[in-house]
Amino acid sequence: MARFRALKTELRSMLEQPDWEASLPQIVSMPATQTIGPLMSFFLFGGEMKWRAVTAFGLVMGQLAKEDIEQARIVMRRLLWHMNEESGNIGWGIAEAMAEAMFNNATLANEYHRMLHSYILETTDDDNYLDHPPLRRGVYWGLGRMAMKFPELMLPSVRALSWGLQDEDGVGRGLAAWALGFLGSEANIPALKCLLEDTCPVELFDDRKTHCTCVAQLAQDAIKQIEYRCNNT
């Protein structure tokens, strides 16, 4: 326990530094079985610490999957359990961590992307749809993050993301629009245009930085991305 606390303190200190990215290679070089637990505990901090921990977690998982894919699968199943209501946990940061792990390893992406998608797909009483809006935000972000690297793999998420444009939660609408920018087609543009006067503020973590924007701006950017892609393919 003392060793766990010491490592947790060390990792926290690394991630709190202004040049936290410089510590990522060192974190990845540590035994994943020792760092995963402390990094997951930082998800609950919210804000910048959550995102820095998610970034580090994804890199650690990418390395672990290369070295021991079965152990990486065990961790992914642990994340899925945290998303389950029966676990008694509130899955703060879990969807984002799942996405970042998959972003860093194609095998994990192929095996688990459908589970991430299922959390915003409302079908029956027995589906995995997340009723809590802040948790859906993490899924929208995660789908967009994965779409950056695996657009063809994530195409089945377009329908659910298009529904997300009408989410009751403003931040969710904005993140769904952002994600659609990587995946959507011209058919999604009319719905995106309906958000061009939506001034709800959104904090978007992208390129390892938090950007303050709004739903309307994210929708406009998504439209431009889709139009550019359609005109150049």
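Rule-based calculations on the coordinates, nothing more; no lab input. Keep in mind that what you see is a predicted model, and the values were worked out from it rather than measured. Glycine gets a Cβ as well: all are built from the backbone with ideal geometry, and neighbour counts include every protein chain shown.
Each Cα pair under 8 Å and six or more residues apart adds its separation to the average, and for the chain the resulting relative contact order is 12 percent. Between the Cα long axis of helix 170-183 and the first principal axis of the chain there is an angle of about 80°, rounded to the nearest 10.
Would you work out which of 18, 6, 82 lies farthest towards the positive end of the dipole of segment 1-118? Charges go on Cβ: Lys and Arg +1, Asp and Glu -1. Checked the options; the winner is 6. Put a plus charge on the Cβ of each Lys and Arg, a minus charge on the Cβ of each Asp and Glu, and nothing anywhere else: the dipole of segment 21-70 about its Cα centre is then about 140 debye. Mean projected area of the Cα convex hull of segment 1-118, taken over all directions, amounts to 7.2 nm². When the square roots of the Cα gyration tensor eigenvalues are ordered a ≥ b ≥ c, the ratio a/c for segment 27-86 is 1.5 or more and a/b does not exceed b/c, which makes its shape oblate. Placing a pseudo-label 7 Å from each Cα along the Cα-to-Cβ vector at residue 77 and residue 224 gives an inter-label distance of 4.6 nm. Estimated at 0.36 nm per residue, the fully extended path between residue 199 and residue 123 surpasses their Cα-Cα distance by 24.4 nm. Distance between the modelled labels on residue 152 and residue 41, one decimal in nanometres: 4.3 nm (7 Å Cα→Cβ projection).
The relative contact order of segment 1-118 comes to 22 percent, based on Cα pairs under 8 Å that sit 6 or more residues apart.
Hand me the GluC sites (Glu not before Pro) from segment 103-206 located in a DSSP loop with no more than 15 other Cβ atoms within 10 Å, in residue order please. Let's see the in-between values first.
Numbers: sites: 111, 122, 152, 168, 186, 197, 203; in loops: 122, 168, 197.
Passing both the DSSP loop test and the Cβ count: 122, 168, 197.
Computed from Cα positions, the angle between helix 94-103 and the longest principal axis of the chain comes to roughly 90 degrees. Taking amide H positions as modeled 1.01 Å from N, with prolines and chain starts lacking one, the residues under 5 Å from residue 202 and 5 or more places away or on another chain are 213, 214, 215.
Mind pulling the per residue volume of the convex hull built on the Cα atoms of the chain? Å³ is fine.
Numbers: hull volume 29.7 nm³, N = 233.
It is 127 Å³ per residue.
Around the Cα centre of the chain, unit charges on the Cβ atoms of Lys, Arg, Asp and Glu (plus for the first two, minus for the last two) sum to a dipole of about 640 debye.
Residue exposure proxy: 119, 228, 129, ordered by other Cβ atoms within 10 angstrom of their Cβ from fewest to most, comes out as 228, 129, 119.
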